[in-house]
Structure formats: C-alpha cells, structure tokens
Amino acid sequence: MLRVVGSSLPRCRLRPLLPRAISPTLSRRRALLLLLSSSSGFGAPSCCRGSSLAHSYSSMSMAAPPVAKKVPRELVDHGDVRVDNYYWLRDDSRSDPDVLAHLRAENDYTTAVMSDVKQLEDEIYAEIRGRIKEDDIDAPLRKGQYYYYERTLAGKEYAQHCRRLVPPDAPITVHDVMPTGPDAPVEHIILDENVKAEGHDYYSIGAFKVSPNNKLVAYAEDTKGDEIYTVYVIDSASGQYVGQPLKGITSDIEWAGDDHLVYITMDSILRPDKVWLHKLGSDQSSDACLYHEKDDTFSLGLQASESKKYLFVGSGSKNTSFIFYLDTSKQNKELAVLTPRVYGIDTTASHRGNHFFITRRSDEFYNSELVACPLDNVAETTVLLPHRESVKIQDIQLFDNHIAVYERENGLPKVTVYRLPAIGETIGQLQGGRTIDFIDPTYAVDPEESQFHSTVLRFHYSSMRTPPSVYDYDMDSGESVLKKIKPVLGGYDASNYVTERKWAAAADGTQIPMSILYRKDLVKLDGSDPLLLYGYGSYEICIDPSFRGSRFSLVDRGFIYVIAHIRGGGEMGRKWYEDGKLLKKKNTFTDFVDCAEHLIQNKYCSKEKLCVNGRSAGGLLMGAVLNMRPDLFKAAVAGVPFVDVVTTMLDPTIPLTTAEWEEWGDPRKEEYYYYMKSYSPVDNVAAQEYPNILVTAGLNDPRVMYSEPAKYVAKLRELKTDGNLLLFKCELGAGHFSKSGRFEKLQEDAFTYAFILKALGMTPKLASL
C-alpha cells in the first residue's frame, strides 16, 4: 500500500538506536540483526555498583577539549535578537578547512578521552559480533519461477542478492521450502554488494527491483551517505549493464512493464518533487516528466500495487496526501487521479481485481477508514472497515481472495485477515475476520512482501527477547509456519529475559506506555540497577519493541532497557501523534521526563544509574530534556540530533524545512517562533550542570546537518558548569545512518555502550578500585 508521509527524508527513525524511514513508500527496513552471546566476565553490575567516578575521567586530563572560535552573528526575527556565535560551523560544501579542522579536533579529543576504555569497547564489539551467524541467508521469497533471497558471508560487510529456480509444479503453500544441496537448482548470484562496495568508504543499496519477466534488475546505489542515488539496470542472468545509469534520484523506483522504469528526483532542498518515465535504452535527458509537485510543503512517493498491475504516485504533506495511478499494461503510460487533493484528507491505496482499496484519514475519521471503489468510477466508494476510536488502521496487504489489515489497538500491533468476495461480485463491509495471535506482552509485527496469487501471508515478528522471525500464514486454515528465525549464537536463552509493559502517568493524567526488558537473574529492582531509557516521539512513527542483539551487551551486564512510547509517535493512534506536535510538542518532552520519574519511583533505577538515548528527532528529545531536567540523568547519548530547531526551520534552503512546517510549526509566524524557541536545545543551553553527554553526527547527513550537533556541543562547552564528559564524534565519510557496513555499525554500538559504562563507572578497571 502506498503511504506518503510528507517527505522521503524525515528526521525520523524506525527502531531503537537505528535509522529512520528511508522513504515514505519503502517498506520498513529490518534492523541489522546484532545477535547475542554470553556476556564477558569483566563487570557484572553487582560488583560495579557504588564504584567511584573519580577515576573514570583520568584520560580527560591528557587532552584538552576543543574550543570553537566565536564569530557572533545576530539573527533577528519578530523583533527578537538571537546571537549565534557558532553559525560559522555550517558549511554546505563540507570543505571549509577551519570547519573540518574543528571536527577532526573533536574526533581526536573523543578518541583520547575514550582511550582508557578502548579495550572494553573492543570486547563489547567482539561480544556483539559473536552473537551473529555471519554466513546466513534470509527467508527466500518466491516470485514466479524463482526464489529470491539475500546471503551474507563470514567476514563480509555486505550482502549478496541471489536466486534459485523453483522446481516444476511446486505448489505455493506455507510448507513450501527452497531446495538446497547437490541435487537442487544452482544458486545464482545476481549482485554482490561486497564487490560493488570496493573502493568506497560508504556503500548502500536503497532499492533492488526485479522486472516482471525476471530478466532484469534495477538497483539504487548510494556511495556517500547523502541518500542521492544512482540507478543501474543489469541483466539478472549475466550481470551485464543494460543502458546508461539514472543519476541524481531517490531510492523510489518501480517497473512499469518489462521495458520502462518510473522514478523520482529531488529539487535543490532534497524534496522529492518530480516523477519520471524512463524507457530502457534511452537517455535520461529524454525521459518524460509525469508530474511535478510545485508546492514545497508536499513531497512525492511511489509504489507498486501487490497485483503489480498499477503504480501509485502519492503527493503528501504531514496532513494531506492524494494519489495518482498508472496502469502498467497500457502502452500510453500516463497518470490518472485516484484521490483528489483536499486539505486534511490523507489517503493510501492498493488494488485487487476491479477495485481500488483506499485507506482514508480525516479530522473526523482520524484513525482512518477503509473503502473500495470500482476502477471505472473512483468517486463511488463503499466502506469496508469504518472508523473506530480505539483502533487505528496502519496498513493493508491484498491478495487474490484475501485482505490482511494491520492495525493498532491499545498501542499494540494487530493483524486481521478477511476473505474477500470473488472478483466481479459485490463488495461490502468486511466481516468474520481472523486475528493472528502473538505470544509476547510487547512485540513488533510488520508486513513482508508476499505472493499476490496465493493464500499465504508473510509477516515479520520479533520482540525485545524474541529474535527476528519470518512467518508464512495460511489465510484459509489459520496455520502459521516459521520460515526463518535469525540464529543467536552464544547460548542465547529467551527464557532468561523478562519483557513487560508498564504505564507512567503524565502530568496531565495521560497514561504513557513503556516496554521493558531485563535479565531476571541479574536485576534487583530495588533502585540500584542501571537503566537505559530510549525515546523518539515524532512523525507518528511507532517505536515498537523489536529485537536488537547488540542491546544484550548492556542487559547481560545487569541493565534494564526501556522504550518510552511518548506522544508525538503513533503507537496509540492519530491523536497520540497530534498531541505531540506543533504547539503541543512539549508533551513529548514532559512525557519522557514523567516516564523517567516513574521508573525511579518504582525502583527500576535511580538518578545515579539512569542513562537516556535518542536519535535524530529523538536527539531533539535528548537536547530538550537535558535542558529541562539535567539533574535527572547520569548520561545521555544524542545521535545525529535535530537541535537547532528555530534556525533550521527558518531557513527554507535547508533540506526538510518546508516539508516539516506542518510537523514542528513555521517560525516565520510569531506564535510558532516563540514556542519553538522555548524548547529548541541550542537556544536553551544554560550555565548549569549537565550529565555526561555523547553527541554524534555524519558530515554528509542530508536530514540533520552536521553543523547542528557541532554548534550544540560548542555552546555546551562554553556554558556548562560541570566537569562531566562531553564528547562529539562526527563521521566524516558517512551520513545520517553512520557507516554502511554491517560490522562497522556494530563498532558504533560498542563505542556507545563503552561510553555509557564509563559514565556510570562500570568499566572493569573502575569496578576493581
């Protein structure tokens, strides 16, 4: 189903400690599976509690923190004057020698300060990597005459994209298994990312699309981390290039038949604004522009229907979206309007038989309703699922004879399958659905690509203690078959861990859900346990409690890990989001503080053991709560944080600004200016004591400019009155998602965890003092 969220580059993320949405129309990317082994023996929390921090900063005396020069710049808006001493750190070319020298100095300082725990960092990295089965394949997906899958190899950073022939007359059932072994069809490697990545510091494939006849593959490649892609088409059998590459586009690409591609390009502020039709063999300069979105608060998205008969182009802002469709079977490939552009109406679409299926949200039907309309009369709609106050429709998957509806109820995902009337018969309100049961008290479930002409629904399931699992579900019988569970090396036993769902009362009485994970034989729940609290709370993104193997390097040291599902996210429905945006944004921050205080009051931790983490828009959360309540936390990690809110949102030349006025507010309007200024982290850094802080950035980041965290750290260094750690690490060859290799990413986790343990005095050396 096409889902446009207003920008293909939101300052949002989709899982704890991991990257955010890459595109409004791409399916949710799975977390890189970082799996669990037994913890190393250097520091069980019981022997670390009470360790003095006096020695934890010994390495700081060997290096002086960088001091950014002050170049005052007055910023005047609505008669209000702000002085930005560090505006000079913004260099859009990323080439200014003074700026690069300062960033390198910050990196050198961070390396020096962390040198005394480098061995600990390396041990944690070895633990995390040791949990992973490095040579593995994912669950093969059957498409036509082939099984397609990805394979990883021991010691290799990137994946291979492979396929095998399906045996003749093999039925499509939940028990279908790809043959392997000497008598099986030969594996064919279509694309080896490890080969393509040679010579690049960064390498990422944002799309891998097989043509309808299985003869060609189009893939989108990013070699800088700036999320500006080049698309190549290759022969799937020989690997030879077909035609010339398409340059400067997004990762949104779809086949329109076997000889045409549809793709999207961006304007100067990286807003997806044009959709194009490309005929294979022709030059990109001759491609036809199918639509140009000129409103700079709207962005384009693209997706194929499950039936593959239609492509949908959506244009959306944060409050409004409308859809065009393209019939891939027609020789004349043009866009036609499916849903009109009406402010406040948000629509998503798919197709089956002689109907389009549309999910429609409005102020009245804020949790959405599901309707269908005939292909030949899109204005005539029939309600299939009405709006419900307690249930939010999040997504649908269509099949020949079934529909799977993904919803949220009481903050938890829910999947219900309905049988549809035969194509050509009258369609009415859906009834008699079967809901799939899940075993954990908190969990994450997401749709996987499935076979349209089948009765098999494929979905992805995990929880904070259940490793990522792929299931095939027979929609007729209700039988579920586990097709793949990521192996966890090192003797992992899920029964050693407890997952809980608790609720904290916000100041206005709202109940805030929290997902909790801990190892039951290590925690005491008497206030002495260390705890890491994660939060996000923006863009209506649901931070579901999924599995992340690296997390156990803390949990196996006695940490409690908690996700606060605060307002501004989408976990509890559309109203939950609306109560944490624009002029209600501060609810996001106070909810997080209230969750922290609830955990302390209920003896999950103490202030001296409470660490917090957030990334991107979650980094804004970190900056805001650190200014509000610096006394509440011992350590904070702000990853690629969006912290210079007012200055950024006043500048329409910065990527994302115009598209996000409906998220944060437009500070060109006085009411929004002063409200946003009241919480913007850079504007509210004060002469006060702050906890230990680690800030990260990526030089090529197109979502949050590196200069925002750089300025934030510089101002903190100028004003803060404590002697606690303040470290800044900027990846000079990466973007928003840091390094691209699967093992390189583990190193970032290991570094972060070593910082947290250092801040708490829980390193092996400190524990023995």
If I filter region 693-738 down to residues being more than 20 Å from the chain's Cα centre (by Cα), of a type outside the set (Lys, Arg) and open to solvent by 20 Å² or more (accessible area, probe 1.4 Å), which single residue comes out as modelled with the lowest pLDDT?
Gly733
Tell me yes or no: at least one residue of region 74-85 is part of a loop (DSSP other than H, G, I, E, B) and modelled with pLDDT under 95.
no
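Condition check ((1) in contact with a Gly (Cβ under 9 Å, 6 or more places away or on another chain); (2) of a type outside the set (A, V, I, L, M)) across all residues:
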{"position": "Thr250", "(1), (2)": "yes, yes"}
{"position": "Ala256", "(1), (2)": "no, no"}
{"position": "Val262", "(1), (2)": "no, no"}
{"position": "Met266", "(1), (2)": "yes, no"}
{"position": "Ile269", "(1), (2)": "no, no"}
{"position": "Trp276", "(1), (2)": "no, yes"}
Being within 15 Å of Ile323 (Cβ to Cβ), out of contact with any helix residue (DSSP H, G or I) (no Cβ under 6 Å at 6 or more places or on another chain) and part of a strand (DSSP E or B) is true for just one of Val378, Val371. Which residue is that?
Val371
For region 739-746, does any single residue satisfy the condition of being of a type outside the set (S, T, N, Q), open to solvent by 30 Å² or more (accessible area, probe 1.4 Å) and either touching a strand residue (DSSP E or B) at 6+ places or on another chain (Cβ under 7 Å) or modelled with pLDDT of 95 or more (or both)?
yes
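Please specify each residue of region 323-368 satisfying the condition of being part of a loop (DSSP other than H, G, I, E, B) and either among the acidic types (Asp, Glu) or touching a residue at least 40 places away in the same chain (Cβ under 8 Å) (or both).
Residues satisfying the conditions are Thr328, Ser329, Lys333, Glu334, Leu335, Gly353, Asn354, Asp363, Glu364, Tyr366, Asn367, Ser368.
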Which residues, counting only those in region 104-146, are over 27 Å from the mean Cα position of the chain (by Cα) and among the aromatic types (Phe, Trp, Tyr)?
Tyr109, Tyr146
Among the residues of region 468-481, are any β-branched (Val, Ile, Thr) and either within 30 Å of Val593 (Cα to Cα) or without any contact (Cβ under 8 Å) to a residue 60 or more places away in the chain (or both)?
no
Of the listed residues (Ala170, Ala139, Ala101), the one being open to solvent by less than 30 Å² (accessible area, probe 1.4 Å) and free of Cβ contacts under 8 Å to residues at least 12 places away in the same chain is Ala170
Across region 198-207, what is the number of residues that are open to solvent by less than 10 Å² (accessible area, probe 1.4 Å) and assigned to a loop (DSSP other than H, G, I, E, B)?
1
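For every residue, the table says whether it meets (1) in a helix (DSSP H, G or I); (2) in contact with a Gly (Cβ under 8 Å, 6 or more places away or on another chain); (3) surrounded by 24 or more Cβ atoms within 10 Å (Cβ to Cβ).
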{"position": "Tyr577", "(1), (2), (3)": "yes, yes, yes"}
{"position": "Leu583", "(1), (2), (3)": "yes, yes, no"}
{"position": "Thr588", "(1), (2), (3)": "yes, yes, yes"}
{"position": "Ala596", "(1), (2), (3)": "yes, no, yes"}
Qualifying residues in region 228-240 (those that are over 23 Å from Arg163 (Cα atoms) and not aromatic (Phe, Trp, Tyr)) - the one most open to solvent (accessible area, probe 1.4 Å):
Ile228
Of all strands (runs of 3 or more DSSP E) completely enclosed by region 477-573, which ones contain at least 1 residues that are modelled with pLDDT of 95 or more, of a type in the set (Val, Ile, Thr) and open to solvent by 40 Å² or more (accessible area, probe 1.4 Å)?
480-485
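Residues are listed down the side, and each one gets a yes or a no for (1) touching a residue at least 60 places away in the same chain (Cβ under 8 Å); (2) on the phi > 0 side of the Ramachandran plot; (3) open to solvent by 20 Å² or more (accessible area, probe 1.4 Å):
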| site | (1), (2), (3) |
| --- | --- |
| Asp226 | yes, no, yes |
| Val242 | no, no, yes |
| Gly248 | no, yes, yes |
| Ile253 | no, no, no |
| Leu270 | yes, yes, yes |
| Val275 | yes, no, no |
| Glu293 | no, no, no |
Which residue is surrounded by the most Cβ atoms within 10 Å (Cβ to Cβ), if the candidates are limited to region 208-224 and must be among the charged types (D, E, K, R) and within 23 Å of the chain's Cα centre (by Cα)?
Asp222
What residue, of Asp92, Asp96, Asp116, Asp80, is charged (D, E, K, R), farther than 25 Å from Glu198 by Cα and surrounded by 18 or more Cβ atoms within 10 Å (Cβ to Cβ)?
Asp116
Single residue of region 747-769 satisfying the filter (crowded, with 20+ Cβ neighbours inside 10 Å and among the aliphatic types (A, V, I, L, M)) that is modelled with the lowest pLDDT
Leu766
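Got at least one residue in region 176-197 being in a helix (DSSP H, G or I), open to solvent by 30 Å² or more (accessible area, probe 1.4 Å) and touching a strand residue (DSSP E or B) at 6+ places or on another chain (Cβ under 8 Å)?
yes
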Of all residues in region 607-641 being part of a loop (DSSP other than H, G, I, E, B) and more than 26 Å from the chain's Cα centre (by Cα), the one that is surrounded by the most Cβ atoms within 10 Å (Cβ to Cβ)
Lys634
Which ones in region 140-164 are within 18 Å of Ser454 (Cβ to Cβ) and in contact with a strand residue (DSSP E or B) (Cβ under 7 Å, 6 or more places away or on another chain)?
Pro140, Leu141, Lys143, Gln145, Tyr146, Tyr147, Tyr148, Tyr149
Region 372-402, subset open to solvent by 30 Å² or more (accessible area, probe 1.4 Å) and aliphatic (A, V, I, L, M), residue nearest to the chain's Cα centre (by Cα)
Val383
State whether the residues of region 150-161 include one that is open to solvent by 50 Å² or more (accessible area, probe 1.4 Å) and polar (S, T, N, Q).
no
Hey, can you tell me all the residues within region 429-445 that are in a loop (DSSP other than H, G, I, E, B), open to solvent by 30 Å² or more (accessible area, probe 1.4 Å) and farther than 26 Å from Ile563 by Cα?
Gln429, Gln431, Gly432, Gly433
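The values are calculated or read from the model by the stated rules, or taken from the named source; none is laboratory data. For clarity, every value in this text was computed on a predicted model and none was experimentally measured. Counting neighbours? That spans all protein chains shown, and the Cβs are built from the backbone with ideal geometry, glycine included. The area values use the complete protein model at the heavy-atom level, side chains included, leaving out ligands, DNA and RNA. Shrake-Rupley method; radii C 1.70, N 1.55, O 1.52, S 1.80 Å.
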